[in-house]
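What follows is a short report on a single structure.
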Amino acid sequence: MTGVGDPGEPTDALSRPRDITRAPILHAVYTPTVFTDVKTGAPVAEEKFRGQEFVAFSGIANPPAFGRTLECLGIVPKRHLIYPDHHPYSAADIATIAACMKEVGATVALTTEKDAVRIEKLPVPFPVLAVGVSLTLTGGQPELKRFLDTLFP
């Protein structure tokens, strides 16, 4: 389970999965780890783009979580364009993002690693940084070990 304990999450979120499964329940958080230039694949240090204006875009299941990740980094995009989960970006989408950036005065677009893969082959006329995250277990490690021990004795 990720996102449990986030603002707006129901307080009974931890008990609901137990109602439908006996599988081990693991708790985890996503932690931002790296910014990557989508065009070059090179990592970009935060200092290189601090002070610039941003537009964010994402096509993931939980777009507000991406917004919260950016906020935790002290990044407040001028606008967050939200697309459906697994969105197949097109040249028209890139044009929409570019127009939005121009409208709000943004110089850089931010997106998720998942979305970055979907725009790699498109001609993108503006800088795009993908925000990389790592998954860290925060609960359930003993249950996971017991479960794995049954699979791989």
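Taking the condition surrounded by 13 or more Cβ atoms within 10 Å (Cβ to Cβ) and free of Cβ contacts under 8 Å to residues at least 24 places away in the same chain, does G67 pass? Yes; evaluated as a whole, the condition is true for this residue. Exactly one residue out of I119, I60, I94 is touching a residue at least 60 places away in the same chain (Cβ under 8 Å) and of a type outside the set (K, R), and it is I119. Every condition in (1) assigned to a loop (DSSP other than H, G, I, E, B); (2) under 20 Å from the mean Cα position of the chain (by Cα) is met by T136 except one, and the failing one is (1). Once region 105-153 is narrowed to residues that are farther than 30 Å from P88 by Cβ and among the aliphatic types (A, V, I, L, M), the residue that is surrounded by the most Cβ atoms within 10 Å (Cβ to Cβ) is L144. Among the residues in region 50-58, are any surrounded by 13 or more Cβ atoms within 10 Å (Cβ to Cβ), within 24 Å of P125 (Cα to Cα) and among the charged types (D, E, K, R)? Within region 50-58, one or more residues are surrounded by 13 or more Cβ atoms within 10 Å (Cβ to Cβ), within 24 Å of P125 (Cα to Cα) and among the charged types (D, E, K, R). Is there a residue in region 72-87 that is in contact with an Asp or Glu (Cβ under 8 Å, 6 or more places away or on another chain), open to solvent by less than 30 Å² (accessible area, probe 1.4 Å), of a type outside the set (D, E, K, R) and touching a residue at least 40 places away in the same chain (Cβ under 8 Å)? No: region 72-87 contains no residue that is in contact with an Asp or Glu (Cβ under 8 Å, 6 or more places away or on another chain), open to solvent by less than 30 Å² (accessible area, probe 1.4 Å), of a type outside the set (D, E, K, R) and touching a residue at least 40 places away in the same chain (Cβ under 8 Å).
The values are calculated or read from the model by the stated rules, or taken from the named source; none is laboratory data. Bear in mind that the values here come from a model prediction, so they are computed numbers and not experimental data. Virtual Cβ from ideal backbone geometry, glycine too; neighbours counted across all protein chains shown. Each accessible area value is taken on the protein alone, full model and side chains, heavy atoms only, with ligands, DNA and RNA left out. Shrake-Rupley method; radii C 1.70, N 1.55, O 1.52, S 1.80 Å.
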